[in-house]
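Notes for the one structure printed next.
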Amino acid sequence: INWAVKPFSMALLGWLFLRHVFVSWLPGEQIDSYIAGLILLAAAPCTAMVFVWSNLCRGDANFTLSQVALNDAIMVVAYAPVVALLLGLSAITVPWNTLILSVGLYILVPVAAAALLRRWLLQRSGAAGLQSALQKVAPLSLSALLLTLVLLFGFQGRQIVQQPLIIAVIAVPILIQVYFNSGLAYLLNRRLGVAHCVAGPSALIGASNFFELAVA
């Protein structure tokens, strides 16, 4: 769902709603930019909030961790090509160096830094020291994520207030995409006999969006 369905379903929904259904409600010169934003948003799954969602739906923590690790690995090689393909089909141009730089700064650098820090903590304090450090950092990571959200919405506050109709229109394909992909992922998991503790986080991850990378 993450890579074979979600990016393409968002591109299709964006094209359908923004170019046809709501075209008279949007400024014509901005439609390409709005569709590009939707594609960038949906081309990669979220890797931060999924642990919170997994806890909320009583998901398997080990499965969630493995899913995030797998998506991070795929993202390094797949995000830029998928985005370039979908933007190309939509006749929208985003430089390859911009896509590659975003992947490097927001995926490769954090993953490499985390791996080096983990190795250093294990060598210095052992597994117990690493676990203690993770427990101390956990509240800070959530606070940092919330601060990121506040800053993003704070910097765009004027746009949100001045253009509520445009924001509501753009939200329509996003909401449909989220409900469609999460429902599809959960249904397929359950049909295959997968337990809820795995199907739940799988569905939420499958419909999630990596908004930080899209903003970058």
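The values are calculated or read from the model by the stated rules, or taken from the named source; none is laboratory data. Quick caveat, the model's predicted, so the values are computed rather than measured. Here the Cβ positions follow ideal geometry from the backbone for every residue, glycine too, while neighbour counts run over all protein chains shown.
Structural remarks
- Residue check, L86 hydrophobic (A, V, I, L, M, F, W, C), at pLDDT 85 or above and more than 20 Å from the chain's Cα centre (by Cα): no
- Restricting the range 168-212 to residues that are among the polar types (S, T, N, Q) and not in a helix (DSSP H, G or I), the residue that is nearest to V50 (Cα to Cα) is S208.
- Flag: L65 matches the condition of being surrounded by fewer than 18 Cβ atoms within 10 Å (Cβ to Cβ) and out of contact with any Pro (no Cβ under 9 Å at 6 or more places or on another chain).
- Scanning the range 137-162 for residues that are more than 18 Å from V52 (Cβ to Cβ) and either of a type outside the set (A, V, I, L, M, F, W, C) or touching a residue at least 24 places away in the same chain (Cβ under 8 Å) (or both) returns G154, Q156, G157, R158, Q159, Q162.
- Picking from residues in the range 163-216 that are of a type in the set (F, W, Y) and touching a residue at least 24 places away in the same chain (Cβ under 8 Å), the one that is surrounded by the fewest Cβ atoms within 10 Å (Cβ to Cβ) is Y179.
- Among the residues making up the range 156-174, those that are over 16 Å from Q30 (Cα atoms) and not basic (K, R) are Q156, G157, V161, V172, P173, I174.
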